[in-house]
Amino acid sequence: AQMRAASRESWQPLQVQAAVAEGTTLKTGPDSTLEVSFEDGTSFLMRENAQVTVKQARKGPFHLVRVVYLKSGKVISRVKAATGRKSRFEIETPSAVAAARGTSYRVAVDEQETTRAEMLANTVVLSAAGAAVTLQAGEGSLVKANQPPLAPVELLPPPQHTGTEIVDGGRQVLLR
């Protein structure tokens, strides 16, 4: 993974336990992932070939605000639960904004700037082009550039282990 501070033009290798300030851009390469954790337990996992800019990372006496801009790739977020009504964590993309309080959700953006949002737990509000939809656990939506979000649809269920036998180098392994 690499990082570029807001005041710099060149990319630098990202070190383990490095502090990431507002305005810093992070990117992952092929076959790599990066997890960024905040002091309150909120985190996001960048998948391969993703680029994210930390736009806001502020902590006040009565609030926490995290805003990241996902330019490309996929991010999985885990937002620590909190009281109040305003969002605590937002992922902005070229075509939409996904805002949440305490939840887990995935957001991806592709080369055509199409955004996909998928809820894993609780709810998230996905907004674009002056419209918004609320995604519940197990739902997803799609936003094309300069268009409102599509109505939520149910996500496919996760794959189930079926007791398949696998032969690995002469060993037989039974998955349950």
Additional length obtainable on full extension of the chain from Lys55 to Glu35, 0.36 nm per residue less Cα span:
5.5 nm
q = 0.12, 0.15, 0.16 Å⁻¹, the chain: log10 I(q)/I(0) [Debye, one scatterer per Cα]:
-0.61, -0.87, -0.96
Lysine pairs meeting the criterion (Cα under 21 Å, 8 or more apart or interchain), as found in the chain
11
Could you tell me which of rounded, prolate or oblate describes the range 1-74, using a ≥ b ≥ c as the square roots of the eigenvalues of the alpha-carbon gyration tensor, with rounded for a/c under 1.5 and, failing that, prolate when a/b is larger than b/c and oblate otherwise?
prolate
What do you get for GluC sites (Glu not before Pro) in the range 1-99 restricted to DSSP loop and a cutoff of at most 14 other Cβ within 10 Å of the site's Cβ?
Glu9, Glu22, Glu39, Glu48
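How large a share of the accessible area of the range 1-153, in percent, is made up of carbon and sulfur atoms when the probe is 1.4 Å and the other protein chains stay in place? Write down the numbers at each step before the final one.
Working: 4040 of 8370 Å².
It is 48 percent, rounded to a whole number.
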In sequence order, calculated HN-Hα J values of the range 144-151 (Karplus, 6.51, -1.76, 1.60; Hz; x Gly/Pro):
8, 3, 6, 10, x, x, 6, 4
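The values are calculated or read from the model by the stated rules, or taken from the named source; none is laboratory data. The model shown is predicted, which means the values in this text are computed figures rather than measured ones. In this analysis, Cβ positions are derived from the backbone assuming ideal geometry, glycine residues included, and neighbour counts consider all displayed protein chains. These accessible areas exclude ligands, DNA and RNA; they are computed on the full protein's heavy atoms, side chains included. Shrake-Rupley method; radii C 1.70, N 1.55, O 1.52, S 1.80 Å.
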